[in-house]
Amino acid sequence: MKALIAFSLNRRLNNPVSWMLFAFSFILFGVVLFADILLVSLAPALVVPRSIHMNWQMLEVVGEYLPANFIYQSDLMKADIQIQLKDDGYLVVGHISVEDKQFIDHLIHGYHRISMVEKMPDHLVSLLDQVMIANIEWENIVEEPRNHLGFMVITSIYFMLLSFSTAVANEVVNEKTSNVIEVILTSVSHKEHYYSKLLIGWFTMLSQLVIHGFGLIFWLMVRVAFDSGGGLLELLYRWQWILVQYQSIEEWLHSYNIGITEISTVILCAIFLMLGILLVQLLMVLVSVHINSIEEAAAIQGPFYLGMLIVYYMAIFINSSEQLNQGWGYLFSYTPILSMLFMPSRLLSTNVTISELVLSLGIALLTLIIFLILGEDYYRKNLLKGSTKSTFVKNEV
């Protein structure tokens, strides 16, 4: 079985296409982590903030509300956007997008209200405060999901693992259609072949994660040595992709306050994903033993991907605290295969008790073990269907 796994890994990873993908990902990581430096040369308009001019009275009132993609320009003629006072209002000059127009509109209206209030007598200001400021009391505030980014990462890993599941099934189909399966079974038993197919997908995934992870860590270390990542973080802040301006990647990572609880949650989410994908991979392998042509494989994989997409969109639509605590999301978090997305969603968005966690984990693990045991005999009986069984096939132990 070791030789079979090693042969499959070598065939998948040591080929020109795989090396091209590794090289592409390596270059891509470098481009992303040095995006600010590249954009300064290639597209400076995306990096350099737009300049805006206004009089000093307006700057004192609303200057602190300027977003990161705007800087104040004292010279009227050099500013990209000019806000000028007129007798009956304000004149805005410049190449202005719809988003800039909305922001500047709020900026001018805010300044205008404040300047008008400052000119009023104190007794009128007090009267306006009583009339315009409402007394609001809040009750039964529903907590929104806390970690949308975590859910996005989980679903990304979900689709990546699904591709490995179908790759293993395709390998079984290719071995059957090319009549290689009879030759393989002269050296290994059905049982060894069965478990090797389940392990190959995971070894391939781990190998690719190590290779791509090396590229990411390499460029990350280069970026940290270059300027601690301050330029890239400044660009992300200017684009409003992060809400706080950090000076270094280390400071940005510290802001997440990652502790034992967060690490434990990530590990549990990974366990549920692994169990769910293992079950999906097992089912795909068991289905593949009945497929005798590439055309049949394509016809099967279409509905499979459609079903997995339905599961994904269900996880998005039901990703609310109410549904995950007592609705369909709560029920699906105990359902095999579905639990690999819904239980991680609950772990990231709500409070899950130990008993609920153990129950869902036990159901997923027990289902996988049952299908694994029953599938072994099913695999042995149906693997050679559709082809003439060789007399040299290794006898089962």
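Where a number appears in this text, it was derived from the coordinates with a stated rule and is not lab data. As the structure is a prediction and not an experimental result, all values here were calculated from the model. Every residue, glycine among them, receives a Cβ derived from its backbone with ideal geometry; neighbour counts consider all protein chains shown.
Please report the projected area of region 264-347's Cα convex hull averaged over all directions, in nm².
Values: hull surface 23.0 nm².
Over every viewing direction, the Cα hull of region 264-347 projects on average to 5.7 nm².
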Looking at [x] -0.34, -0.70, -0.83, -0.94; [y] -0.42, -0.80, -0.91, -1.02; [z] -0.27, -0.61, -0.76, -0.91, which value of log10 I(q)/I(0) by the Debye sum over Cα atoms at q = 0.06, 0.09, 0.10, 0.11 Å⁻¹ comes from a calculation on the structure shown?
[y]
When you take every Cα atom in region 155-246, what is the radius of gyration, and what is Dmax, the widest Cα pair distance, in Å?
21.7, 63
Place +1 on the Cβ of every Lys and Arg and -1 on the Cβ of every Asp and Glu in the chain, take the dipole about the Cα centre, and give the residue among Leu235, Trp56, Phe70 whose Cα lies farthest towards its positive end.
Leu235
When the Karplus curve 6.51 cos²θ - 1.76 cosθ + 1.60 is applied with θ = phi - 60°, which whole-Hz ³J(HN,Hα) does each residue of region 241-257 get, with x for Gly and Pro?
7, 10, 8, 10, 8, 9, 8, 8, 5, 4, 5, 5, 5, 5, 5, 7, 6
Only Lys, Arg (+1) and Asp, Glu (-1) charged, at Cβ; region 49-132 dipole about Cα centre in debye
160 debye
In Hz, Karplus ³J(HN,Hα) per residue of region 8-20 (6.51, -1.76, 1.60; θ = phi - 60°; x = Gly, Pro)
5, 5, 5, 5, 7, 9, 9, 8, x, 5, 4, 5, 5
Which distance in Å, rounded to a whole number, links the C-alpha centroids of region 44-85 and region 225-259?
24 Å
Would you please classify the overall shape of region 49-132 from the alpha carbon gyration tensor, given that a ≥ b ≥ c denote the square roots of the eigenvalues, rounded means a/c under 1.5, and beyond that prolate means a/b larger than b/c while oblate covers the rest?
prolate
Table column - 3J(HN,Hα) (Hz), region 49-55, Karplus curve with 6.51, -1.76, 1.60, x for Gly and Pro:
x, 6, 8, 9, 10, 8, 5
Residues with amide H under 5 Å from that of Ile71, placed H, sequence gap 5 or more:
Arg50, Ser51, Ile52
Cα-centred dipole magnitude for the chain, charges only on beta-carbon of K, R (+1) and D, E (-1), debye, nearest 20
2120 debye
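What percent does the relative contact order of region 49-132 come to when contacts are Cα pairs within less than 8 Å and at least six residues apart?
Details: 71 pairs, mean separation 21.7, N = 84.
In percent, rounded to a whole number, it is 26.
Using only DSSP helix segments of four residues or longer, with each worth -39500 (n - 2.57), what per-residue ellipticity at 222 nm results for the chain after dividing by its residue count and rounding to 500?
Working: 18 runs with 273 residues, N = 397.
Dividing the helical sum by the residues of the chain leaves -22500 deg cm²/dmol.
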